[in-house]
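See structure below.
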Amino acid sequence: EPEVTQTPSHQVTQMGQEVILRCVPISNHLYFYWYRQILGQKVEFLVSFYNNEISEKSEIFDDQFSVERPDGSNFTLKIRSTKLEDSAMYFCASTRGITEAFFGQGTRLTVV
Amino acid sequence: SQQGEEDPQALSIQEGENATMNCSYKTSINNLQWYRQNSGRGLVHLILIRSNEREKHSGRLRVTLDTSKKSSSLLITASRAADTASYFCATDRGTGYSTLTFGKGTMLLVSP
């Protein structure tokens, strides 16, 4: 069964460093998303991406964040200068259309 | 309350019993989805119910949707220890993309 894959599963970084979280969405999906879940809290939407551009973003997705689809398979989330409060589980998701979303296993980001 | 609020927050039952979780939301929706999350793991899609549907079944899962009350319920019948997980409802924001707003979830513990 096709699945969304994310790498790495765990990333530890120093405050102020840049991190890139990687995702490979399901191959025939057209819409891509990033969500995050701070420990013990609800899953929060960050950004959606369609047709090589951001289609929607939340107030969390400020100038420190960027997304890119560098090739036909990868979808990345970059955090330019990490803060302690960026520590969370980051989930990538993809959909064919306005349908059920398939999520990856997540990347646990720890900022120290 | 916020969009996609589940209750109860925690539910503890014995194997073989049924588990019912409820979700309320505030704005209009295209669809409502239920997800399952094992501790520290990714989100697994369980079922999607569209705004023009009232009930949907999938295996041991039964979902209802009452758009007049802006509420949904998830029933798991004949629960098993392996059903132990957190369950989240997520509403599609109706923006034209499958951007989801999640609730805080119900933590279900099924004891053997």
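The values are calculated or read from the model by the stated rules, or taken from the named source; none is laboratory data. This structure is a prediction, so every number in the text was calculated from the model and none was measured. With ideal geometry, Cβ positions are generated from the backbone for all residues, glycine too; neighbour counts draw on all protein chains shown. The accessibility values were calculated without ligands, DNA or RNA, using every heavy atom of the protein model including side chains. Shrake-Rupley method; radii C 1.70, N 1.55, O 1.52, S 1.80 Å.
One table, with the values for the structure above:
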| read-out | value |
| --- | --- |
| Of residues in region A:73-97 being open to solvent by 70 Å² or more (accessible area, probe 1.4 Å) and of a type outside the set (Asp, Glu), the one nearest to the other protein chains (Cβ to nearest Cβ) | A:Arg96 |
| Residue, farthest from the other protein chains (Cβ to nearest Cβ), within region A:98-112, restricted to residues that are open to solvent by 30 Å² or more (accessible area, probe 1.4 Å) and modelled with pLDDT of 90 or more | A:Val112 |
| Out of B:Thr101, B:Thr91, B:Thr64, sole residue that is over 22 Å from A:Ala93 (Cβ atoms) and either among the small types (Gly, Ala, Ser) or assigned to a strand (DSSP E or B) (or both) | B:Thr64 |
| Check on A:Val67, open to solvent by less than 30 Å² (accessible area, probe 1.4 Å), within 11 Å of chain B (Cβ to nearest Cβ), in contact with a strand residue (DSSP E or B) (Cβ under 8 Å, 6 or more places away or on another chain) and of a type in the set (Val, Ile, Thr) | no |
| Residue check, B:Ser12 surrounded by fewer than 15 Cβ atoms within 10 Å (Cβ to Cβ) and part of a strand (DSSP E or B) | yes |
| Residues being open to solvent by 80 Å² or more (accessible area, probe 1.4 Å) and either on the phi > 0 side of the Ramachandran plot or not acidic (Asp, Glu) (or both) - total across region A:8-47 | 13 |
| Residue that is farthest from B:Leu65 (Cα to Cα), among those in region B:25-45 that are modelled with pLDDT of 85 or more and surrounded by fewer than 20 Cβ atoms within 10 Å (Cβ to Cβ) | B:Asn38 |
